[in-house]
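Have a look at the structure that comes next, please.
The values are calculated or read from the model by the stated rules, or taken from the named source; none is laboratory data. Everything quoted here is computed from the prediction, not taken from an experiment. With ideal geometry, Cβ positions are generated from the backbone for all residues, glycine too; neighbour counts draw on all protein chains shown. For accessibility, only protein heavy atoms count, side chains too; no ligands or nucleic acids. Shrake-Rupley method; radii C 1.70, N 1.55, O 1.52, S 1.80 Å.
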Amino acid sequence: MRAPRGTQDILPGTSEKWQYVEQQLTEICRRYNYKEIRTPIFEHTELFQRGVGDSTDIVQKEMYTFEDRGGRSVTLRPEGTASTVRSFVQNKLFGLPNQPTKLFYIGPMFRYERPQQGRLRQFVQFGIEALGSNDPAVDAEVMALAINSYQELGLRSLSLVLNSLGDQESREAHKNALVKHFSPHREELCSDCQVRLDQNPLRVLDCKKDKDHPSMETAPAILDYLNEKSQSYFEKVKGHLDRMGIDYVIDANLVRGLDYYNHTAFEIMSKAEGFGAITTLSGGGRYNGLVEDVGGPETSGIGFAMSIERLLMALEAEGVELPLESALDCYVVALGDKAEDESVRLTYQLRKAGVQVEKDYLQRKPKGQFKSADRMNAKYVVVLGDREMENNAVSIKDMTTGDQKELPLEEVINYLQERLAGGKQ
Ligand code: HAM
């Protein structure tokens with residue numbers, strides 16, 4: 001039996017990296033004061049149809065949708081924003097005193113895409129959402145958190161790509177211009193784009209099949225259609241990024257693959273050689289209007305999400321070594337039946353005292369036990385033998401220095417606790 005296509009097992013050796021980056025991201029959220037939200041893995045299908053948008057590839061082609069035994073249509077979440085907004089409305093988080101509501105999540109998402117490097121059918125997104133403020137400083141904060149996360153983990157070859165999709169009025173003007181521009185080429189475009197032209201012309205710019213059609217290059221850019229209000233909002237966002245010293249490039253063709261965006265839209269790309277064909281590390285933007293679409297009060301929102309898989313790919317491509325602890329604190333070697341019984345007790349007591357301990361469970365000979373300790377990179381080896389048992393003592397070896405000494409049994413715990421705490425300072 002094999003795991004389904006587009007899924008992966010994360011095994012020991014790699015899972016430590018996951019734990020490390022998830023801890024770092026959680027710590028960054030603490031500093032920026034984003035609190036964790038955990039929502040269900042599946043939701044009513046309608047949430048994503050309304051939230052992500054009926055005309056998107058995600059909703060049309062990529063959702064894992066099925067009927068449950070009660071005949072309801074449910075969908076494995078393809079992203080985190082719609083669920084977060086649904087929960088914000090359902091739990092009336094807008095009524096709490098501390099606004100904006102600033103949330104983060106880390107969890108698996110599901111999209112039926114063609115698997116390739118960096119594109120999976122189950123992947124883990126870390127994302128944040130700030131709901132309830134229309135201040136351009138929040139847009140800058142979200143982008144700052146995004147880029148800082150990568151930088152603090154050690155990535156250097158990054159590019160923040162920024163665009164504005166404007167407000168409703170600007171988007172309408174741009175939409176009309178797109179229809180006018182593409183209509184003469186309607187027959188040359190793929191069948192999907194012909195539908196998109198009627199449903200949501202902006203999606204034509206995002207088409208993977210027609211991306212090399214000559215009409216793409218000359219298509220009207222949204223930035224030329226921003227009304228004064230949208231223009232001024234965009235200037236303020238850029239001004240804040242400038243003040244923070246965060247570099248960005250403007251790309252008027254950045255449209256994003258989800259329908260809910262307006263004003264700020266951004267992606268962070270990896271420029272690292274060998275990163276692969278997909279260069280987008282993360283993406284996000286503002287989505288004023290989404291809370292109302294999901295049945296809540298008028299509330300603005302902005303957020304972004306990254307997959308941990310692409311983050312780890314980028315770390316590898318840039319040769320970043322994460323500071324992971326691979327050594328074991330202590331290995332208990334037992335020689336003889338009496339010592340074996342005592343080792344069970346001592347191992348338990350040491351673990352309760354906070355020391356990471358392993359012992360032999362395969363009746364290995366002394367040499368084999370020392371070999372195991374070596375393979376696990378043990379910092380200390382505690383030896384319980386006949387002589388030690390008689391003296392109510394243990395031999396303890398510091399594997400870094402090679403020093404060895406005998407200690408009364410009741411002092412082992414304190415000794416190791418002190419030594420190990422000292423080593424960690
Ligand atoms: P998205 O651009 O669809 O936006 O996805 C965000 C990130 O999720 C991507 O940049 C990528 O890192 C990761 N990702 C997406 N699909 C896959 C896949 N098949 N395999 C691996 N990684 C993938 C959203 O999902 C929005 N909810 C982001 C957002 C939050 N906007 C506002 N708030």
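I'd like the full set of residues that are away from the ligand (no atom under 16 Å from the Cβ) and among the aliphatic types (A, V, I, L, M), limited to the stretch 60-92. Reasoning before the result, please.
Taking the stretch 60-92 first, the residues away from the ligand (no atom under 16 Å from the Cβ) are 65-74, 90-92.
Selection gives VAL74 alone.
Condition first: open to solvent by less than 10 Å² (accessible area, probe 1.4 Å) and among the basic types (Lys, Arg). Now tell me which residues in the stretch 264-304 satisfy that.
Of everything in the stretch 264-304, just one residue is open to solvent by less than 10 Å² (accessible area, probe 1.4 Å) and among the basic types (Lys, Arg), namely ARG286.
Here is a list of conditions, (1) touching a strand residue (DSSP E or B) at 6+ places or on another chain (Cβ under 7 Å); (2) in the same structural domain as LEU120 (by TED's automatic domain parsing), and ALA334 meets all of them except one; can you say which number that is?
If we test ALA334 against (1) touching a strand residue (DSSP E or B) at 6+ places or on another chain (Cβ under 7 Å); (2) in the same structural domain as LEU120 (by TED's automatic domain parsing), just (2) comes out false.
Could you pull out every one of the strands (runs of 3 or more DSSP E) wholly within the stretch 261-309 that has 1 or more residues that are under 19 Å from ASN91 (Cα atoms)? Don't jump to the end; show me each part of the working.
Details: elements: 262-270, 280-286, 301-307.
In the stretch 261-309, the matching strands (runs of 3 or more DSSP E) lie at 301-307.
Here's another thing I want to ask about it. ASP374 - would you say it is open to solvent by less than 80 Å² (accessible area, probe 1.4 Å) and at pLDDT 95 or above? Give the steps one after another, and end with the answer.
Values: open to solvent by less than 80 Å² (accessible area, probe 1.4 Å): no; at pLDDT 95 or above: yes.
Considered against the rule, which asks whether it is open to solvent by less than 80 Å² (accessible area, probe 1.4 Å) and at pLDDT 95 or above, ASP374 comes out as no.
Please list, ordered by first then second residue, the pairs with beta carbon atoms under 8 Å, 6 or more apart or interchain, first in the stretch 1-12 and more than 15 Å from GLN116 (Cα to Cα) and open to solvent by less than 70 Å² (accessible area, probe 1.4 Å), second in a loop (DSSP other than H, G, I, E, B) and at pLDDT 95 or above.
Pairs that qualify, where the first residue is more than 15 Å from GLN116 (Cα to Cα) and open to solvent by less than 70 Å² (accessible area, probe 1.4 Å) and the partner is in a loop (DSSP other than H, G, I, E, B) and at pLDDT 95 or above, are ALA3/ASP9.
Condition first: touching a helix residue (DSSP H, G or I) at 6+ places or on another chain (Cβ under 6 Å), closer than 11 Å to LEU409 by Cβ and not in a helix (DSSP H, G or I). Now tell me which residues in the stretch 371-392 satisfy that.
Of everything in the stretch 371-392, those that are touching a helix residue (DSSP H, G or I) at 6+ places or on another chain (Cβ under 6 Å), closer than 11 Å to LEU409 by Cβ and not in a helix (DSSP H, G or I) turn out to be LEU384, ASN392.
I would also like to ask the following. How about the stretch 223-276: which of its residues are farther than 24 Å from VAL59 by Cα and hydroxyl-bearing (Ser, Thr, Tyr)?
Applying the first criterion (farther than 24 Å from VAL59 by Cα) to the stretch 223-276 yields 223-252, 269-276.
Within the stretch 223-276, TYR225, SER230, SER232, TYR233, TYR248, SER270 qualify.
While we're looking at this one, here's another question. Give the residue that is nearest to the ligand (Cβ to nearest atom), with candidates limited to residues of the stretch 45-59 that are under 22 Å from the mean Cα position of the chain (by Cα), assigned to a helix (DSSP H, G or I) and modelled with pLDDT under 95.
ILE58
Look through the stretch 93-121, keep the residues that are in contact with a helix residue (DSSP H, G or I) (Cβ under 7 Å, 6 or more places away or on another chain) and farther than 21 Å from THR280 by Cα, and return whichever of them is farthest from the ligand (Cβ to nearest atom).
PHE94
Here's something else I'd like to know. Kindly evaluate GLN349 against the criterion of being polar (S, T, N, Q), touching a residue at least 40 places away in the same chain (Cβ under 8 Å) and under 28 Å from GLY13 (Cα atoms). Working first, answer last.
Details: polar (S, T, N, Q): yes; touching a residue at least 40 places away in the same chain (Cβ under 8 Å): yes; under 28 Å from GLY13 (Cα atoms): yes.
Considered against the rule, which asks whether it is polar (S, T, N, Q), touching a residue at least 40 places away in the same chain (Cβ under 8 Å) and under 28 Å from GLY13 (Cα atoms), GLN349 comes out as yes.
May I ask you to list the residues in the stretch 143-178 that are of a type in the set (S, T, N, Q) and free of Cβ contacts under 8 Å to residues at least 12 places away in the same chain? Write out each step before concluding.
If we filter the stretch 143-178 for residues that are of a type in the set (S, T, N, Q), which is where we start, we get 148-149, 151, 157, 159, 163-164, 168, 170, 176.
Residues satisfying the conditions are GLN151, ASN176.
For residues in the stretch 14-38 being farther than 16 Å from ILE308 by Cα and of a type outside the set (Phe, Trp, Tyr), which is surrounded by the most Cβ atoms within 10 Å (Cβ to Cβ)? Talk me through it step by step, then tell me what you get.
So the first thing to find is which residues in the stretch 14-38 are farther than 16 Å from ILE308 by Cα, and the list is 30-38.
The next check asks that each one be of a type outside the set (Phe, Trp, Tyr); those that pass are 30-31, 33, 35-38.
Values: ARG30: 12, ARG31: 9, ASN33: 9, LYS35: 11, GLU36: 11, ILE37: 20, ARG38: 10.
Only one residue fits best here, namely ILE37.
Let me ask something else about it. Picking from HIS240, HIS263, which residue would you name as being more than 10 Å from the ligand (Cβ to nearest atom) and farther than 24 Å from GLN49 by Cα? Spell out how you get there, then give the answer.
Details: HIS263 fails: farther than 24 Å from GLN49 by Cα.
So the residue among HIS240, HIS263 that is more than 10 Å from the ligand (Cβ to nearest atom) and farther than 24 Å from GLN49 by Cα is HIS240.
Quick one: which of ILE302, ILE278 is touching a helix residue (DSSP H, G or I) at 6+ places or on another chain (Cβ under 8 Å), within 11 Å of the ligand (Cβ to nearest atom), more than 11 Å from LEU155 (Cβ to Cβ) and at pLDDT below 95?
On the way: ILE302 fails: at pLDDT below 95.
Of ILE302, ILE278, the one residue that is touching a helix residue (DSSP H, G or I) at 6+ places or on another chain (Cβ under 8 Å), within 11 Å of the ligand (Cβ to nearest atom), more than 11 Å from LEU155 (Cβ to Cβ) and at pLDDT below 95 is ILE278.
Quick test of your reading of the structure: VAL320 fulfils all but one of (1) over 22 Å from GLN19 (Cβ atoms); (2) β-branched (Val, Ile, Thr); (3) within 19 Å of the chain's Cα centre (by Cα). Name the failing condition by number.
(1)
Given the conditions (1) free of Cβ contacts under 8 Å to residues at least 12 places away in the same chain; (2) open to solvent by less than 70 Å² (accessible area, probe 1.4 Å), and given that ALA393 satisfies all but one, which numbered condition is not satisfied?
Exception for ALA393: condition (1).
While we're here: Could you list all residues from the stretch 317-340 that are loosely packed, with under 13 Cβ neighbours inside 10 Å and in a helix (DSSP H, G or I)?
ASP337
For the stretch 46-72, give me the residue count where each residue is touching a strand residue (DSSP E or B) at 6+ places or on another chain (Cβ under 9 Å) and over 23 Å from LEU202 (Cβ atoms).
Residues meeting the conditions: 6.
Looking at LEU311, LEU254, which is the one that is closer than 25 Å to THR84 by Cα, at pLDDT below 95 and not basic (Lys, Arg)? Please lay out each step first, then the result.
Numbers: LEU311 fails: at pLDDT below 95.
Result: LEU254 is the single residue among LEU311, LEU254 that is closer than 25 Å to THR84 by Cα, at pLDDT below 95 and not basic (Lys, Arg).
What do you reckon, is CYS190 hydrophobic (A, V, I, L, M, F, W, C), in contact (Cβ under 8 Å) with a residue 12 or more places away in the chain and surrounded by fewer than 16 Cβ atoms within 10 Å (Cβ to Cβ)?
On the way: hydrophobic (A, V, I, L, M, F, W, C): yes; in contact (Cβ under 8 Å) with a residue 12 or more places away in the chain: yes; surrounded by fewer than 16 Cβ atoms within 10 Å (Cβ to Cβ): yes.
Taking the combined requirement at face value, the residue satisfies it.
Related question: Does any residue of the stretch 353-370 turn out to be modelled with pLDDT of 95 or more, in contact with a Phe, Trp or Tyr (Cβ under 6 Å, 6 or more places away or on another chain) and not in a strand (DSSP E or B)?
Within the stretch 353-370, none of the residues are modelled with pLDDT of 95 or more, in contact with a Phe, Trp or Tyr (Cβ under 6 Å, 6 or more places away or on another chain) and not in a strand (DSSP E or B).
Kindly indicate whether any position in the stretch 250-269 is within 18 Å of VAL124 (Cβ to Cβ), in the same structural domain as GLN24 (by TED's automatic domain parsing) and not hydrophobic (A, V, I, L, M, F, W, C).
Looking for residues that are within 18 Å of VAL124 (Cβ to Cβ), in the same structural domain as GLN24 (by TED's automatic domain parsing) and not hydrophobic (A, V, I, L, M, F, W, C), one finds none in the stretch 250-269, hence no.
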